[in-house]
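Below is one structure, written out as structure tokens; the observations come after it.
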Amino acid sequence: MELELGAVIGFTGQVPQGLILHPDNEHLIYPLGSTIVVRHVVSRAQSFLRGHDQRVSCITVSRSGHILASGQQTHMGFQAEIIIWNFQTKSPLHRMKLHKVMIQSLNFSCDDAYLASLGGQDDNMLIIWEVSTGKGFCSTSIGHEPGYDVKFLNNSNNKLVTVQNQIVKIWEADYVAKKVNFTLVNLGNLKRQILNAVIDPTDSFAYVGTRTGDILEINLERASYKRCGPARKLFSQGVQCLALMNNGDILVGAGDGTIAKLAGQTLQVKCQSEVLGGVTSISLTQDNTHFFLGTSQSNIYLLDSDQLKAELRNTCHYDRINDIAFPYNFSEVFATCSMNDIRVWNSRNRQELLRIQVPNLECYCVGFSADGKSIISGWNDGKLRAFLPQTGKLMYVINDSHRHGVTALIGTIDSARIVSGGMEGEVRIWRIGKQTQTMEASMKEHRGRVWAIQLNKTNDLAVSASSDGSCIVWDLKTHTRLTCLFESTMFKQVLYHPDESQIITTGSDRKITYWDTFDGQAIRMLDGSEEGEVNALAINKEGSHFVSGGEDQVVKMWSYDEGVVLYEGIGHSSTILKVSYSPDQKNLISVGSEGAIFIWNLP
């Protein structure tokens, strides 16, 4: 059985021109790992196109909006798939495999009859497909220079433009003879790495953006270089994307987060503004008054075309998410942590409520104190930091709490103590006072990183799981070891069953093991996955079901007593790092190393 995907927080901002506003002006289409999300702009309702098995590398929508196409990246030596989707039914029409390793760029012809696809640098093929049958119509090699972008002309369905490393080619396809011939554009003595192209509505000229940070205008009738701009003011980190407005002005997105509007006549900057992250996609509304903009830090902005005032519409993590935490018995908000920041989310409308940034550091673990008065977190500089949950202000820092990083932590039910684990294997108890934080005990038995710590209900026992192949149950009153569980695996997660008669662990040997808490004997072993280690476990309040996730990218829901998988949730495109039940037991939240947060509805 499949788990029902309720909602997703996430957007893969690194895909060039990945954020697309559908021609109906109501839906945003964007990639998220291997899934494609179609989101209604106003109501924020989401639907998902799932068919790719690896990261989506490019998306395009036809001019009518009836069909869309997406390409993916695969492993070296394998063929990468292109899927043509029916937008109304959200179902795949055709699946096409000819390119190797990666699809670089896709584009529909003006009459929706043909689709052009450009392979990545290991493939270097240009293929034109017939949309109605999904058959490759004519194909040709584009030469040794890697290609970056392909565009059909706006008024003919057999002329295309491709941009490559330092060359621009104009192609003419002969659909009767099934041949494609090209004309090389004469750029004179200009040497530029060309990244993208836009073609004006009359097909008389094209603008191409370069990694140097300028824009070249090319005459398509004569296949010659005309001019470049803006003069003396190059865009930093290259022109990453271009869009052409109806009045002839050009919108330019640069790699340093600059968005600028250039006059079409002079190629001079009219106005510009800044956004967070490099601009990777621009998508104009039909009337050209506004446009959506996606950045490499996975932010989505809405800008007005006149003044370029940016309004942040959507945010999410752009790097791997290491941990999830809910406040004690409260399901309306949750926190996630990643590189540079902790974010607090509203779990109902999936909006970001608070962002706590600590630049250039990685947060390994996050939690709420039981009284809800602080967010506690462990970082890779060895400090334990606590923040206020409303404002995100720093409450206190415990310096040098663990060498090389704090990797696991949990607060006690009375909020007076924190139990933390470190990269070097020590488990430490901290007493949190009004003004002071003191170390109560340090227990050094593990010889590897502590991946997880759990407390029992009365908070007098703690169990820690380490990558040295041992889980240790500690007595928190006497600060001594009670029992030890040994296995030849790197333990990643440990949980108490709610009645505390058993402990459940998982790790790099793909096994999920049940242990007796009394004598530390293994009772039962289940195969957690076919291939790839299992990183995450979560158990519900009754103890009747638990959930696992790991490198096989599937969220599995198990019956605790039977030990069989009841439901599977498919949607992640990389390793799942954490799963968590919401305290009201209505949702399940899983996060992965692609930076996406998946919210599943529990059956």
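The values are calculated or read from the model by the stated rules, or taken from the named source; none is laboratory data. As the structure is a prediction and not an experimental result, all values here were calculated from the model. We place every Cβ from the backbone using ideal geometry, glycine too, and count neighbours over all the protein chains shown. In case anyone asks, the SASA skips ligands and DNA or RNA and just uses the protein heavy atoms, side chains included. Shrake-Rupley method; radii C 1.70, N 1.55, O 1.52, S 1.80 Å.
From S488, S377, S442, S415, grab the single residue that is touching an Asp or Glu at 6+ places or on another chain (Cβ under 9 Å), under 21 Å from N329 (Cα atoms) and either assigned to a strand (DSSP E or B) or open to solvent by 60 Å² or more (accessible area, probe 1.4 Å) (or both). Don't jump to the end; show me each part of the working.
Working: S488 fails: under 21 Å from N329 (Cα atoms); S442 fails: under 21 Å from N329 (Cα atoms); S415 fails: either assigned to a strand (DSSP E or B) or open to solvent by 60 Å² or more (accessible area, probe 1.4 Å) (or both).
The conditions single out S377.
Let's see how each residue does on (1) among the hydrophobic types (A, V, I, L, M, F, W, C); (2) surrounded by fewer than 18 Cβ atoms within 10 Å (Cβ to Cβ); (3) modelled with pLDDT of 90 or more:
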{"site": "F11", "(1), (2), (3)": "yes, no, yes"}
{"site": "D24", "(1), (2), (3)": "no, yes, yes"}
{"site": "L28", "(1), (2), (3)": "yes, no, yes"}
{"site": "V37", "(1), (2), (3)": "yes, no, yes"}
{"site": "D53", "(1), (2), (3)": "no, yes, no"}
{"site": "S62", "(1), (2), (3)": "no, no, yes"}
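Just one of (1) part of a loop (DSSP other than H, G, I, E, B); (2) open to solvent by 10 Å² or more (accessible area, probe 1.4 Å) trips up E81, so point out which.
It fails just one condition, (1).
Among the strands (runs of 3 or more DSSP E) contained in segment 273-315, which hold 3 or more residues that are over 27 Å from T336 (Cα atoms)?
Working: elements: 279-284, 290-295, 300-304, 310-314.
It comes to 279-284.
Table: residues versus (1) under 15 Å from W430 (Cα atoms); (2) without any contact (Cβ under 8 Å) to a residue 24 or more places away in the chain.
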residue	(1), (2)
R355	no, no
C363	no, no
V366	no, no
S369	yes, no
L394	no, yes
S401	yes, no
V406	yes, no
L409	yes, no
A416	yes, yes
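Would you tally the residues in segment 339-374 being assigned to a strand (DSSP E or B), buried (at least 18 other Cβ atoms within 10 Å of the Cβ) and on the phi > 0 side of the Ramachandran plot?
So the answer is 1.
Does segment 283-298 include one or more residues that are free of Cβ contacts under 8 Å to residues at least 40 places away in the same chain and either open to solvent by less than 10 Å² (accessible area, probe 1.4 Å) or under 24 Å from A596 (Cα atoms) (or both)?
no
So which residues in segment 571-603 are assigned to a loop (DSSP other than H, G, I, E, B) and hydrophobic (A, V, I, L, M, F, W, C), if there are any at all?
Step one: list which residues in segment 571-603 are assigned to a loop (DSSP other than H, G, I, E, B), which gives 571-575, 582-586, 593-596, 602-603.
Correct list: A596, L602.
State yes or no: is Q237 open to solvent by 70 Å² or more (accessible area, probe 1.4 Å), under 21 Å from P16 (Cβ atoms) and part of a strand (DSSP E or B)? Explain how you work it out, then say what you get.
Values: open to solvent by 70 Å² or more (accessible area, probe 1.4 Å): yes; under 21 Å from P16 (Cβ atoms): yes; part of a strand (DSSP E or B): no.
So Q237 does not fit the description; no.
Outside any strand (DSSP E or B) and either among the aliphatic types (A, V, I, L, M) or surrounded by 17 or more Cβ atoms within 10 Å (Cβ to Cβ) (or both), is that true of D509? Before you say what the answer is, go through the steps one by one.
Details: outside any strand (DSSP E or B): yes; either among the aliphatic types (A, V, I, L, M) or surrounded by 17 or more Cβ atoms within 10 Å (Cβ to Cβ) (or both): yes.
So D509 passes the test.
Starting from residues that are among the small types (G, A, S) and over 15 Å from L98 (Cβ atoms), keep the ones in segment 124-146 and report whichever is most open to solvent (accessible area, probe 1.4 Å). Walk me through how you get there before you give the answer.
From segment 124-146, those among the small types (G, A, S) are 132, 134, 136, 139, 141, 143; that's our starting set.
From what is left, the residues that are over 15 Å from L98 (Cβ atoms) are 132, 143.
Details: S132: 89, G143: 32 Å².
Applying the filter and picking the extreme gives S132.
For segment 47-57, check the following and say yes or no: at least one residue is assigned to a strand (DSSP E or B) and touching an Asp or Glu at 6+ places or on another chain (Cβ under 8 Å). Show your work before the answer.
Of all residues in segment 47-57, those assigned to a strand (DSSP E or B) come to 47-50, 56-57.
Narrowing further to those that are touching an Asp or Glu at 6+ places or on another chain (Cβ under 8 Å): none.
Checked against the condition, which is being assigned to a strand (DSSP E or B) and touching an Asp or Glu at 6+ places or on another chain (Cβ under 8 Å), segment 47-57 yields no hits at all.
Of a type in the set (D, E, K, R), outside any loop (DSSP other than H, G, I, E, B) and open to solvent by 40 Å² or more (accessible area, probe 1.4 Å), is that true of E568? If you could, list the steps in order and put the result at the bottom.
Details: of a type in the set (D, E, K, R): yes; outside any loop (DSSP other than H, G, I, E, B): yes; open to solvent by 40 Å² or more (accessible area, probe 1.4 Å): yes.
Taking the combined requirement at face value, the residue satisfies it.
For segment 302-331, name all the residues that are of a type in the set (D, E) and either surrounded by 15 or more Cβ atoms within 10 Å (Cβ to Cβ) or touching a Phe, Trp or Tyr at 6+ places or on another chain (Cβ under 7 Å) (or both). Even if it seems obvious, please write down each step before you answer.
If we filter segment 302-331 for residues that are of a type in the set (D, E), which is where we start, we get 304, 306, 311, 319, 323.
Those that are of a type in the set (D, E) and either surrounded by 15 or more Cβ atoms within 10 Å (Cβ to Cβ) or touching a Phe, Trp or Tyr at 6+ places or on another chain (Cβ under 7 Å) (or both): E311, D319, D323.
Restricting attention to segment 574-594, report how many residues are open to solvent by 20 Å² or more (accessible area, probe 1.4 Å) and either without any contact (Cβ under 8 Å) to a residue 40 or more places away in the chain or over 15 Å from V333 (Cα atoms) (or both).
Qualifying residue count for the region: 6.
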